[in-house]
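The values are calculated or read from the model by the stated rules, or taken from the named source; none is laboratory data. In this text, all values refer to a predicted model and were calculated from it rather than measured experimentally. In this analysis, Cβ positions are derived from the backbone assuming ideal geometry, glycine residues included, and neighbour counts consider all displayed protein chains. Note: accessible area is taken over every heavy atom of the protein model, side chains too, but ligands, DNA and RNA are not part of it. Shrake-Rupley method; radii C 1.70, N 1.55, O 1.52, S 1.80 Å.
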Amino acid sequence: MTSPPIPHHAATGHVAPQADHADKARTLLQRIADLRAWLFLAFLILGFELWSRISFGGTFLFNPFNIQSIAVFAVAPLLLATGQTFVIISGGIDLSMGFIMGLAAVVAAHVINWATPGMGFGLAVLFGSVVAVLVAAIPGIVNGMLVALLKVPPFIGTLGMFGVARGVAFLLAGGTTVPVKNEVFSALGNGKIYGVPYIILVTAVFVLIMRYLLGQTKFGQHNYAIGANAQAARRAGINIKWHLLRLYILSGMCAGLAGVLYAARFSAGAAQAGEPLLLDSVAAVVIGGASLFGGSGTILGTVAGAFVIAVIQYGLVFINVAPFWQFISVGVVIIISVLIDQAQRRFSGGRQSE
Amino acid sequence: MSDMTPIGQPLLEVRHLSKNFGPVQALNDLTMMVRAGEVVALAGDNGAGKTTLIKAISGVYQPSSGEILLKGKPVAFASPQEARDQGIETIYQDLALADNLSIGANIFLGREPMRRKYGFLPVLDRAKMAEAAKTTMALLDFHVSRLDAPVSNFSGGQRQAVAIGRAVYWNAQILIMDEPTAALGVPEQRKVIQLIHQLKAQGRGVIFISHNLQDIFAVADRIVVLRRGVQAGERKISETTHDEVVKLMVGG
Ligand SMILES: Nc1ncnc2c1ncn2[C@@H]1O[C@H](COP(=O)(O)OP(=O)(O)OP(=O)(O)O)[C@@H](O)[C@H]1O
Ligand SMILES: [Mg+2]
């Protein structure tokens, strides 16, 4: 700021004091709504804990086996959901992530099998994983070009890619699952360090990186701006096409990483690995507080959302309820989340970023 | 501001500017000038060519003929970005704000400042953005209690101030506003008029379009009236009346 300081004229722009009160109430409401996924999570855990104590006389939450199972359960949907969070904040959606994940799992399995004799176990795992994530970027590039350059609505463009990735993955897998013979890979998928599974560590680090990317970088900031008002972003000089292209590459690569970890965990690549997870990932993002209209959402919210789903799914099995109740419960939570989002929209025109 | 033009000196001159869209002559041989510290109002009936004129000045449209001089030098802007880089900032009616972001984030949208966390990790410098938001808004005599709140929480007049604040922060010497008060209630309109007074006091040039003669007479130094793309007249505000302006607008 280099303009000379100018003596102020009569006060003009003060926010009226009585507005402050309504402001505070609104802020409080916003805070609560932003934390809704964590509240859901707390209620769920409390509920299962009570149930567990009453009917089994044991704890649910303080059983490390339960916690670990839930976390392992949450890994793949969470990886998809972090990428999906970026896409949804931008105002788009990526429906192809599930089958990109399957494609990456199959590619990782093939490449590791092929490379193991020549490279040895460790190097083959590294090589296969990198190749799989890079291959996952290809449908991301196509999605990005469809959305950014050809102006195809994201729902349609990525739905097309859903079909293409699915077909290619099944073709590469020869219609079946591809077993991996590499002990380092299965150690990566099932081993632990200090009792913590590697895949959970990898996921945690990845989530932190994604949180940084969304909350602390220009890329993340522009993502919020584009989701709220693409016209404003363009006028501010943001290159929207370039941003969207990178965005869909990012979501593709998230799915790629999920596919690699899946293949490691089951020592096999399967084209349908991510099929049931795509909608879970969208649900996690929505439960986590993002709006499907774009412009709002956080990685931490999505983490909570993913855990809400994982806790419901695991908890219901734990208390011996017919598994179909999962669908109903997750569905109800999604609907409640969206209702909260809309109620909040009515109170204030928009929402805060991370 | 590195090279502020002294008050009263010409900032922007438009000479014999014409613009046609196919057979439609939206602007015909229009000449006008804005000096530093001067507020010029553009008035005229619907379709008179006001928006076309400011779009030609701000690089959205390329003029069919005529020239634009910035501080005496001929300029041609291929894009709004080029005009902005030269200090001509346009505030559109829809404001072009990202509603979910704070004032600071909007001011810096597209040119965010970064700092290094732990000495190596580049992160957005939110403190700097908030600080700039505070000083800039104070410069407009506009005091907002919650700098971290998304601008969607603010009223129309406050949001107008944010858009103006962004232009001010980036050193705009000429601010162009298309009907800045059109969507606002009366108290908010008064705030925006005050903001324009502030910009004038800071030695900037302002061009604003308005259908509201009250606003024009409250803040403008001069008024340029357009009629079907032609300049129908130009008056000093101190030397004209509502009636005369209306006559110029409708012709006859
Ligand atoms: N992009 C365009 N293509 C074709 N014709 C245009 C275009 N923009 C403006 N015009 C025409 O040029 C003329 C002037 O329009 P302009 O928008 O500049 O008027 P205005 O004075 O801003 O009107 P208003 O007060 O309604 O905003 C009109 O006849 C309009 O239809
Ligand atoms: Mg107009």
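Okay, here's what the table says:
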| item | result |
| --- | --- |
| Subset of region B:174-192 (residues that are crowded, with 21+ Cβ neighbours inside 10 Å and either at positive phi or facing another protein chain (nearest Cβ under 10 Å) (or both)) | B:Lys191, B:Val192 |
| Long-range neighbours under 6 Å by Cβ, at least six apart or interchain, first residue within 14 Å of chain A (Cβ to nearest Cβ) within region B:21-45, second open to solvent by 60 Å² or more (accessible area, probe 1.4 Å) and away from ligand 1 (no atom under 15 Å from the Cβ) | B:Ala36/B:Ile7; B:Ala36/B:Gln9; B:Gly37/B:Ile7 |
| So B:Ser145, is it small (Gly, Ala, Ser) and more than 7 Å from every other protein chain (Cβ to nearest Cβ) | no |
| Filter result for B:Ala220 (more than 16 Å from ligand 1 (Cβ to nearest atom), surrounded by fewer than 18 Cβ atoms within 10 Å (Cβ to Cβ) and in contact (Cβ under 8 Å) with a residue 40 or more places away in the chain) | no |
| Selected residue [modelled with pLDDT under 95, open to solvent by 30 Å² or more (accessible area, probe 1.4 Å) and more than 7 Å from chain A (Cβ to nearest Cβ)] from B:Ala133, B:Ala83, B:Ala76 | B:Ala76 |
| For A:Ile93: the one exception among (1) part of a helix (DSSP H, G or I); (2) within 15 Å of the chain's Cα centre (by Cα) | (1) |
| Options A:Leu279, A:Leu261; residue that is closer than 24 Å to A:Ile70 by Cα and either at pLDDT below 95 or basic (Lys, Arg) (or both) | A:Leu279 |
| Enumeration of residues in region B:103-115 that are open to solvent by 20 Å² or more (accessible area, probe 1.4 Å) and within 8 Å of chain A (Cβ to nearest Cβ) | B:Gly110, B:Arg111, B:Met114 |
| Any helices (runs of 4 or more DSSP H) falling wholly within region B:32-111 and containing at least 2 residues that are away from ligand 2 (no atom under 16 Å from the Cβ) and either of a type outside the set (Gly, Ala, Ser) or within 16 Å of the chain's Cα centre (by Cα) (or both) | B:80-85, B:103-107 |
| A:Thr158 vs. criteria in contact with an Asp or Glu (Cβ under 6 Å, 6 or more places away or on another chain) and either at negative phi or open to solvent by 40 Å² or more (accessible area, probe 1.4 Å) (or both) | yes |
| Qualifying positions in region B:112-143 - out of contact with any Ser or Thr (no Cβ under 6 Å at 6 or more places or on another chain) and in a loop (DSSP other than H, G, I, E, B) | B:Glu112, B:Pro113, B:Tyr118, B:Gly119, B:Phe120, B:Asp125, B:Leu140, B:Phe142, B:His143 |
| Among (1) surrounded by 22 or more Cβ atoms within 10 Å (Cβ to Cβ); (2) within 11 Å of ligand 1 (Cβ to nearest atom); (3) within 14 Å of chain A (Cβ to nearest Cβ), the one test that B:Thr5 misses | (2) |
| Enumeration of residues in region B:160-185 that are of a type in the set (A, V, I, L, M) and either within 9 Å of the chain's Cα centre (by Cα) or away from ligand 1 (no atom under 16 Å from the Cβ) (or both) | B:Ala161, B:Val162, B:Ala163, B:Ile164, B:Ala167, B:Val168, B:Ala172, B:Ile174, B:Leu175, B:Ile176, B:Met177, B:Leu184 |
| Filter pass, B:Leu121 being more than 20 Å from the chain's Cα centre (by Cα), within 10 Å of chain A (Cβ to nearest Cβ) and open to solvent by less than 20 Å² (accessible area, probe 1.4 Å) | no |
| Residues located in region B:97-116, provided they are of a type outside the set (A, V, I, L, M, F, W, C) and in contact with a helix residue (DSSP H, G or I) (Cβ under 8 Å, 6 or more places away or on another chain) | B:Asp99, B:Asn100, B:Ser102, B:Gly104, B:Asn106, B:Gly110, B:Glu112, B:Pro113, B:Arg115 |
| Odd one out for A:Phe318, checked against (1) surrounded by fewer than 22 Cβ atoms within 10 Å (Cβ to Cβ); (2) under 20 Å from A:Arg36 (Cα atoms) | (2) |
| Failed condition for A:His243, given (1) touching a residue at least 24 places away in the same chain (Cβ under 8 Å); (2) open to solvent by 10 Å² or more (accessible area, probe 1.4 Å); (3) within 14 Å of chain B (Cβ to nearest Cβ) | (2) |
| Region B:157-180, residues that are within 16 Å of ligand 2 (Cβ to nearest atom) and either more than 17 Å from B:Phe142 (Cα to Cα) or of a type in the set (A, V, I, L, M, F, W, C) (or both) | B:Ile176, B:Met177, B:Asp178, B:Glu179 |
| Qualifying positions in region B:16-69 - small (Gly, Ala, Ser) and either buried (at least 22 other Cβ atoms within 10 Å of the Cβ) or within 10 Å of ligand 1 (Cβ to nearest atom) (or both) | B:Gly22, B:Ala26, B:Ala41, B:Ala43, B:Gly44, B:Gly47, B:Ala48, B:Gly49, B:Ala56, B:Ser58, B:Gly59 |
| Within region B:144-153, considering residues that are at pLDDT 85 or above and assigned to a loop (DSSP other than H, G, I, E, B), the one nearest to ligand 1 (Cβ to nearest atom) | B:Pro150 |
| Region B:181-205: number of residues that are in a helix (DSSP H, G or I) and of a type outside the set (Lys, Arg) | 13 |
| Matching residues in region A:144-184 - criterion: being assigned to a helix (DSSP H, G or I), out of contact with any Phe, Trp or Tyr (no Cβ under 9 Å at 6 or more places or on another chain) and over 26 Å from A:Tyr262 (Cα atoms) | A:Leu149, A:Ile156 |
| Identity of the residue in region A:210-240, among the aromatic types (Phe, Trp, Tyr) and more than 7 Å from every other protein chain (Cβ to nearest Cβ), that ends up nearest to A:Phe86 (Cα to Cα) | A:Phe219 |
| Residues satisfying the stated conditions in region B:206-228, i.e. in a strand (DSSP E or B) and among the β-branched types (Val, Ile, Thr) | B:Val206, B:Ile207, B:Ile209, B:Ile223, B:Val224, B:Val225 |
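Residue by residue, here is whether (1) in contact with a helix residue (DSSP H, G or I) (Cβ under 6 Å, 6 or more places away or on another chain); (2) open to solvent by 10 Å² or more (accessible area, probe 1.4 Å) holds:
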site	(1), (2)
A:Ile193	no, yes
A:Phe206	no, yes
A:Lys218	no, yes
A:Arg234	yes, yes
A:Ala264	yes, no
A:Pro276	no, yes
A:Ala283	yes, no
